[in-house]
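What follows is a short report on a single structure.
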């Protein structure tokens with residue numbers, strides 16, 4: 001009905017008819033979703049207008065990713081992203097000895113300093129949900145100099161035939177940017193610049 005993009009007018013009676021449930025049950029369902037923060041509502045004099053929240057959209061995207069995994073997923077994902085400059089944090093974390101030792105052991109290479117950042121195309125964002133819920137290669141967290149470094153989930157990958165790996169912090173806020181590491185300096189090896197659109201093949 002368009003509730004992902006904007007407020008839509010829908011009464012509990014109308015929603016009940018659509019869901020084949022009573023008006024009372026539909027009204028209760030709306031209240032439950034409001035309480036969970038999945039919907040937001042604008043009450044007018046004669047009607048209510050409802051919109052799905054960002055949390056609600058994320059929940060739907062996870063459901064969508066689950067069904068894609070069941071019915072469509074094979075052993076790899078093709079994810080398109082635009083090369084972008086990061087904040088430099090990737091280089092700091094990647095070069096921590098606690099991570100480097102595990103990258104060498106579990107990914108079979110020592111990464112070049114820094115990460116390649118890819119801003120994922122909107123059409124492929126659902127694939128990030130699939131990655132986040134996939135097992136991957138777990139790199140354990142550790143402590144160093146009084147600071148804690150969290151677990152990282154890795155996936156072997158390729159960009160234009162060059163071997164690399166996606167790294168995703170296990171506990172982090174949702175982001176549409178993927179960080180990629182490789183033993184090569186990917187920008188110079190492949191000839192990438194900010195704004196270039198590339199396809200990343202990720203192995204699950």
Query raised in the report: Are there any strands (runs of 3 or more DSSP E) wholly within the range 37-106 with 2 or more residues that are within 30 Å of residue 199 (Cβ to Cβ), assigned by TED's automatic domain parsing to the domain that holds residue 194 and in contact with a helix residue (DSSP H, G or I) (Cβ under 6 Å, 6 or more places away or on another chain), and if so which?
Result: 76-84
Requested in this report: Go over the candidates 101, 140 one by one and state the one that is over 21 Å from the mean Cα position of the chain (by Cα), modelled with pLDDT of 90 or more and either surrounded by 13 or more Cβ atoms within 10 Å (Cβ to Cβ) or more than 16 Å from residue 176 (Cα to Cα) (or both).
Outcome: 101
Query raised in the report: Filter the range 113-127 for residues that are at pLDDT below 90 and touching a helix residue (DSSP H, G or I) at 6+ places or on another chain (Cβ under 8 Å); which is nearest to residue 75 (Cα to Cα)?
Result: 127
Query raised in the report: Would you pick out the residues in the range 78-98 that are over 16 Å from residue 182 (Cα atoms) and buried (at least 20 other Cβ atoms within 10 Å of the Cβ)?
Result: 79, 81
Requested in this report: Report the residue count in the range 79-97 for those that are within 21 Å of residue 159 (Cβ to Cβ) and in contact (Cβ under 8 Å) with a residue 40 or more places away in the chain.
Outcome: 11
Query raised in the report: Looking at the range 114-132, which of its residues are over 16 Å from residue 57 (Cβ atoms) and in a strand (DSSP E or B)?
Result: 116, 117, 118, 119
Report task. Within the range 7-45, count every residue that is at pLDDT below 90, loosely packed, with under 14 Cβ neighbours inside 10 Å and within 18 Å of residue 57 (Cβ to Cβ). Result -> 1
Requested in this report: Name the residue, out of 148, 133, that is free of Cβ contacts under 8 Å to residues at least 24 places away in the same chain, loosely packed, with under 15 Cβ neighbours inside 10 Å and assigned by TED's automatic domain parsing to the domain that holds residue 94.
Outcome: 148
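The values are calculated or read from the model by the stated rules, or taken from the named source; none is laboratory data. Quick caveat, the model's predicted, so the values are computed rather than measured. Cβ coordinates were reconstructed from backbone atoms using ideal geometry, including for glycine residues, and neighbour counts include every protein chain displayed.
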